[in-house]
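Derivation of every value follows stated rules applied to the coordinates shown; laboratory data play no part. These figures come from a predicted structure and were not determined experimentally. For neighbour counting, all protein chains shown are included, and Cβ atoms are generated from backbone atoms with ideal geometry for every residue, glycine included.
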Amino acid sequence: MKLDNKEKLIWEVSTQTQLPPVPDKDAVWDRLVQEMKIDQNNFGITKKESSWKLWPNMGNKINIAIAYGLIFALLSPLAYNFFFTKKILTGNAQNETILLSDGTKIILNSKSKIIYGRNYNIDNRSIKLTGEAYFEVEKNDLPFTIETTYGVISVLGTSFNVRSREDGFEVGVNDGRIKLSNESYSIHLSKGQFIEVESSFEEKDIVDISIKEYPDWINQKFYCNETRLDELCSEIERTFDIQIKFLDQNLKNLTITGIIEASDLNDVLYTVSLLTKHKFKLEDDICTIL
Amino acid sequence: MKEIEKNLLKKVKNSDKTAFRQLFSDFYDTLFRFVAYRVRDSDLAEDITQETFLRVWKKRESLVPEKSFFSLIARISTNLCYDHFRHIEVRNRHQNQLPDFGKSHFDDPEKVTQANMLEEEIHRIVNEKLPDKCRSIFILSRMEGRTNPEIAGMLDLSVRTVENQIYRALKVLKKNLDNYL
């Protein structure tokens, strides 16, 4: 190749870009192996579910065969785990702090459920979550995974909040990094990042956490940012185990922005009343917004 | 195309983890630096490099051992970089800010020498103006110091093509660097 002077200069100078040192390859490999395991775990779960769906379409003979198969399946280690799992539930107005054998701390918000196997921290660290919980995951060799109806979350060691309720899915990270996967996407959330979706999530849903003390419920506060009044009220119902009724159904569509102290029910209701400019009446467990 | 690489790929296709580790060891450094050149951030480069290898493993059954492995991982990682840039752009637009990735910026303009500025401009033009294949070849040549026959072997191309692509890169750079030369 014949180069003129300008090209020669470009040729020389283009090698001078400074690149960061290559990370420790063994450590990267260890992390990669963990991610590969998570991938295999998820694979197993989908397979199991699809076989359940096949059942109703089968003929009689096959049903008998499956019945025998089921008896054998019950004796298998997989079924053992399935039936010998631990379940922790909270009702309205209940929070529960769970300390797992690996040192991981889970604070379960009201009306929520987690399920995990007896072999937790022996050959896996997988749990299932319905509802909302705050996680402080201890780092160890086993990847920590959370299954929700919206997708799977996998982490190594970090603190974050997950809300997986009927009205939507929300995840915010206070420390470290986590990975979220659903059928179509796999995205990373870092410290200070947050997603809130109604159905499936993707990369573009990532935003920064806008509130100071996240998550609000751990700090006994309700953070509202153009939150619909009925959404806030169902949160109040769960937190204080009351029922809230609206005299005027149109009120449900009001949106509220602000921070509400959530330590005392009367204070909460008073604030809501101020914000909506509507009075309330509290009788036993039923609050009516007039 | 090297026989060893082909054999490793065949084994990985059959879920051989030891072979995958070997492939990882052989290609990690080059891919990390390749991605780091593109995204200019060490942590992000580490993530993207790891995700690239993870995707190879997930899709191992569809590997084609006869095809160049570096071309494959270069393509996967480049797409991941695009995803990242698109995401930043969306976020910045959301916050009504101008995107600032890939633009040259100096901590202390007084201390920046002419050569540094030229280097920075080359870096920016390689990232922004060169087509993917041309950029891969240019980076392998200039940053990794690979010879043209080596690059041809890695990417399963003819030496002639490699030479042409490098020449093309130099032309694009020269054209865009008019104010600096």
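List the relative contact order of chain B as a percent without decimals, with contacts defined as Cα pairs under 8 Å and 6+ residues apart.
21
Which residues among segment A:103-134 fall inside the zone where the amide N is under 13 Å from a point 7 Å beyond the Cα of A:GLU166, along Cα→Cβ?
A:131
Given the pairs A:LYS204/B:LYS129; A:LYS111/A:LYS281; B:LYS58/B:LYS129; A:LYS204/B:LYS13; A:LYS37/A:LYS105; A:LYS212/A:LYS252, which span a C-alpha to C-alpha distance of over 30 angstrom in this model? Provide the component values of the computation, followed by the final result.
Numbers: A:LYS204/B:LYS129 25 Å; A:LYS111/A:LYS281 25 Å; B:LYS58/B:LYS129 32 Å; A:LYS204/B:LYS13 33 Å; A:LYS37/A:LYS105 23 Å; A:LYS212/A:LYS252 27 Å.
Exceeds cut-off: B:LYS58/B:LYS129; A:LYS204/B:LYS13.
Assuming R0 = 35 Å, can you tell me the calculated FRET efficiency for the pair A:LEU282 and A:LEU89, based on Cβ-Cβ distance, to the nearest 0.05?
Details: r = 27 Å, r/R0 = 0.77.
E(calc), rounded to 0.05, equals 0.85.
With labels modelled as points extended 7 Å from the Cα through the Cβ direction, what inter-label distance (nm, one decimal) is found for B:SER15 paired with A:SER190?
Result for the modelled spin labels: 3.5 nm.
For chain B, what does -39500 (n - 2.57) per DSSP helix run (n ≥ 4), summed and divided by total residues, give at 222 nm, in deg cm²/dmol to the nearest 500?
-24000 deg cm²/dmol
Quick one: if the Förster radius is 22 Å, what FRET efficiency do B:GLU89 and A:GLU183 give, using the C-beta to C-beta distance and rounding to 0.05?
After rounding, the FRET efficiency stands at 0.30.
Which lysines, on any chain, are close to B:LYS133 with Cα under 17 Å apart, when same-chain ones fewer than 8 places away are left out?
Correct list for B:LYS133: B:LYS67, B:LYS171.
Evaluate the relative contact order of segment B:1-82 (contact order divided by residue number), counting alpha-carbon pairs under 8 angstrom at least 6 apart; express in whole percent.
About 38 percent, as a whole number.
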